[in-house]
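Here the structure comes first, spelled out in structure tokens, and everything after it is commentary.
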Amino acid sequence: MAFAELLDQVGSLGRFQALQTAALLVPLMWIISQNLLENFSAAVPAHRCWVPLLDNSSAQASAPGALGPEALLAVSIPPGPNHGPHRCRRFRHPQWQLLEPNATAANWSEAATEPCTDGWVYDHSTFTSTIVSKWDLVCDSNALRPMIQSIFLAGILVGAVVCGPVSDRFGRRPVLTWCYLQIAVFGTATAFAPNLPTYCLFRFLAGMTIAGISMSSSTLMMEWTSAQAQTLMMTLNTLGFSVGMVLLAGVAYGVRNWVLLQLVFSVPFFLMFVYSWWLAESARWLITVGRLEQGLRELQMVAAVNGKKAVRDALTMEVLLSATQKELRVRQTPASLSTLLCTRILGLRTFVTSLCWFAFGFIFFGLTLDLQALHSDTFLLQALLGLLDIPARIATMMLLNRLGRRPIQVASLLLSGLSILANMLVPHEMPFLRAVLALLGIWCVVSSFTCTTIYSGELFPTPLRMTAVGLGHMVNRGGAILGPLVRLLDVYHPSLPLLLYGAVPVLSGLAALLLPETQGLPLPDTLQDVQNQAVKKAMHHTREPSVLKSTQF
């Protein structure tokens, strides 16, 4: 491609790319923290009903004898399903007979209990404050917690629908700058929400920016580097998410108050909003949409930063017009969803990549969104998720460079699904093996996400790239919303959730066999480029049998 050659002249992997990539990676670390923040800000602390004998000093003074807290708890709170104090009910009146030596569970009845009409008392030893303890999202209100998470994910879904086409129309950097400001404002406002509906509204508005930041950052990285360096850029992009998960665990371990935690991961976006004005817009996109003067200025700036002043001085409008005459001559495809779905080649690619995006969201968020359900150290689990994520992404990058995109996409999805399906055959008495298979499934689906991020950017032409990636993010978030809900199906059969979690990546991996290989190919700038690549591939495959036949004689 002519633009690819021009980019090589000004520098496709130099000081400019290093600075711009670093500036884009820092926000990505904070973005993943927003995704998983409610593992900590919405953690459910141990709790029990408020009862006068334990929580009212005057009532304690009237208690007979010198009874300790354990005795007062026994006569005030019935035992729960796990044999500890019940979290959602209390005795209407103190059951003093339970203190008798021969007292048993038959000494009280369900009729002697009532709900926690006076509120709850929370254990603050792990979390000093969460939104659960602030708005009492326990017992009958326990279902509100996953609803809040779904509202945030719905915001990401809406953002993915909006940001892709807007970015293709108005540019990558304006969308990125606006998203930084929006998440800074509404993320900070979330910490001061006076009630739960306002909290949900602010989280929804903050969630709308997640897809915009993720898509615009990855696209800017890809469009400012050569085809050979795009795998490295996208791996660095996804590594930002891995480091962000570890960062979240470390910060949450030190900041146990949900308000402060929310501010820590929201206020820095004001700084990112300020420095985003100095980020370079994609020259590839500027030239494609006909904004040649701005594209020329961006290319000259990149040449200067990369230390190629001679190239900068020689780069004029005449040189740019000569180098990009092919892009300017070919009629550009309008950036619309209908073009992606109705064009035969792009329609197939859109369908298959959407399946791959959906599989990641469905499995990853379905298995990892509620870490407390694993009944282990939430901080340690969060850190391990990030730490295991890093070698998965690095290994994926190395394999992508050696084996190509399609084999890794297919293999990672198939292995993920088969690992999860294998867990259906492992008895619960073998928890270590079940954990290993589950981690292997997550490890493989993370690898598939790294490949999908790179693959999607290489399969679509420049005017439609962000629209296609935006659709992928939208489908991804649809899977993320459905994933946690699948766990509710275990009331019908314990293995049904695992069956669905395993079947989706297997089917997606088989569908990925229909995609073309893009390793080493330059990014297509027009629909004509996509069609030309398909024709060359078809001619290559038809020529191979002829060559083989001729070598037999």
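Between the range 115-164 and the range 426-445, the C-alpha centres lie 28 angstrom from each other. One equal scatterer on each Cα of the chain, no solvent, Debye formula: the resulting log10 I(q)/I(0) at q = 0.07, 0.08 Å⁻¹ is -0.48, -0.60. Modelled spin labels at LEU387 and ALA435, positioned 7 Å past Cα toward Cβ, are 1.3 nm from each other. Ranked by the mean number of other Cβ atoms within 10 Å of their residues, highest first, the peptides 437-444, 513-520 fall in the order 437-444, 513-520. Under a model in which nothing but the beta-carbon of Lys, Arg (+1) and Asp, Glu (-1) is charged, the range 239-310 shows a dipole of about 140 debye around its Cα centre. Could you please tell me the mean projected area of the C-alpha convex hull for the range 427-519, averaged over all directions and given in square nanometres to one decimal? Hull-based average projected area comes out at 7.3 nm². Could you tell me how many degrees, from 0 to 90 and to the nearest 10, lie between the Cα long axis of helix 431-459 and the main elongation axis, the longest principal axis, of the Cα atoms of the chain? In the chain, helix 431-459 runs at an angle near 30 degrees to the longest axis. Cα convex hull, the range 209-310: 135 Å³ per residue, rounded to a whole number. Using a probe of 1.4 Å on the protein chains alone, the accessible area found for MET272 is around 10 Å². Each Lys and Arg contributes +1 and each Asp and Glu -1, all at the Cβ; summed about the Cα centre of the chain, the dipole is approximately 1560 debye. The relative contact order of the chain, computed from alpha carbon pairs under 8 Å that lie at least 6 residues apart in sequence, is 20 percent. Considering only PHE460, THR209, VAL51, and ranking their Cα positions along the charge dipole of the chain that arises from unit charges at the beta-carbon of Lys, Arg, Asp and Glu, the one farthest toward the positive end is PHE460.
Annotation: per residue accessible area for the chain equals 44 Å², rounded to a whole number [probe 1.4 Å, protein chains only]. Rg ratio for the range 356-462: its Cα radius of gyration over 2.2 N^0.38 Å, N being its residue count, equals 1.14. Each peptide in 122-130, 262-270, 411-419, 357-365 receives the mean, over its residues, of other Cβ atoms within 10 Å, and ordering these scores from highest gives 357-365, 411-419, 262-270, 122-130.
The value for the range 122-270 of Rg(Cα) / (2.2 N^0.38 Å) is 1.18. Name the residue from ASN423, SER129, MET233 whose Cα lies farthest towards the positive end of the charge dipole of the chain, charges +1 on Cβ of Lys and Arg and -1 on Cβ of Asp and Glu. My answer, from the dipole projection, is MET233. If only the Cβ of Lys and Arg carry +1 and only the Cβ of Asp and Glu carry -1, the dipole of the range 178-329 around its Cα centre is close to 120 debye. Counting every pair of alpha carbons in the range 260-302, the share spaced more than 11 Å apart comes to 69 percent. Ellipticity at 222 nm from helices only: DSSP H runs of n ≥ 4 in the chain, each -39500 (n - 2.57), divided by the residue count, give -22500 deg cm²/dmol.
Ignoring ligands, DNA and RNA, what percent of the accessible area of the chain is carbon or sulfur (1.4 Å)? On the chain, the fraction of accessible area on carbon and sulfur atoms equals 67 percent.
The values are calculated or read from the model by the stated rules, or taken from the named source; none is laboratory data. Since this is a predicted model, take the numbers as computed values, not measurements. Cβ: placed from backbone, ideal geometry, glycine included. Neighbour counts: every protein chain shown. Areas reflect the complete protein model, heavy atoms only, side chains present, ligands, DNA and RNA absent. Shrake-Rupley method; radii C 1.70, N 1.55, O 1.52, S 1.80 Å.
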